[in-house]
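Everything below concerns the one structure shown next.
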Amino acid sequence: MVALIFKVFTLTLKTVSKPLASRFEQYVMGHPKLRSKVINIAQWIHTLEVSIDRGAQGKTGRVFVGDMSEEKSIQLASKVASESFVYGTALILLVLEMQRKDEEDKEKKKKANEEKEHNAMLHRRHEEMDLRIAQEQYQMRRILERIEERVLALEATNAKRSRWPWPLSFVQG
């Protein structure tokens with residue numbers, strides 16, 4: 001049930017992150033320091049794109065890449081800001097999911113170890129009981145042997161003393 005609630009929460013957060021990204025974009029573009037940093041990142045991304053395009057076309061060597069216009073820089077910067085917000089949200093959700101899975105795995109391992117220990121303890125107790133039963137059986141056999149020896153000895157002495165013509169074992173049996 002908890003996993004279902006967590007999944008619904010993450011799906012909701014992913015859905016909400018896109019409108020929040022536009023709000024974040026507006027905030028970043030309205031803040032002078034953040035705006036200049038994001039525009040610099042956009043210029044760097046533009047330079048990287050041009051280099052990758054040239055490499056894909058087979059062109060080599062260094063080339064001067066001019067800055068984009070202010071309007072294009074702002075568009076790319078706003079796109080970078082909103083996409084980085086969505087990416088950051090997804091990354092946080094991924095980390096949370098991994099932590100939750102790790103905790104579940106640790107709990108499963110803990111339960112498995114407890115069950116193993118419990119089974120080992122039951123096995124030890126079973127072996128102890130088997131040993132105790134074997135010892136008691138041995139002692140009972142020894143006692144029965146002594147009783148049989150005494151009964152035979154009594155029968156032999158009684159047969160000598162008795163005036164009966166039949167042995168005692170015949171009378172009792």
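So the values come out like this:
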| item | result |
| --- | --- |
| Criterion (under 27 Å from the mean Cα position of the chain (by Cα), at negative phi and open to solvent by less than 80 Å² (accessible area, probe 1.4 Å)) met by exactly one of Met121, Met98 | Met121 |
| Candidates Ser78, Ser169, Ser82, filtered to the one that is at pLDDT below 95 and over 30 Å from Val16 (Cβ atoms) | Ser169 |
| Any hit, the range 50-61, residues being among the basic types (Lys, Arg), open to solvent by less than 100 Å² (accessible area, probe 1.4 Å) and under 23 Å from Leu4 (Cα atoms) | no |
| Residue under evaluation Glu104, criteria (1) of a type outside the set (Val, Ile, Thr); (2) under 30 Å from the mean Cα position of the chain (by Cα); (3) open to solvent by 100 Å² or more (accessible area, probe 1.4 Å), criterion not met | (3) |
| Condition check for Ala42: closer than 29 Å to Lys7 by Cα and surrounded by 13 or more Cβ atoms within 10 Å (Cβ to Cβ) | no |
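The values are calculated or read from the model by the stated rules, or taken from the named source; none is laboratory data. Quantities reported herein were computed from a predicted structural model and do not represent experimental measurements. In this analysis, Cβ positions are derived from the backbone assuming ideal geometry, glycine residues included, and neighbour counts consider all displayed protein chains. Please note that ligands, DNA and RNA were not included when accessible areas were found on the heavy atoms of the full protein model with its side chains. Shrake-Rupley method; radii C 1.70, N 1.55, O 1.52, S 1.80 Å.
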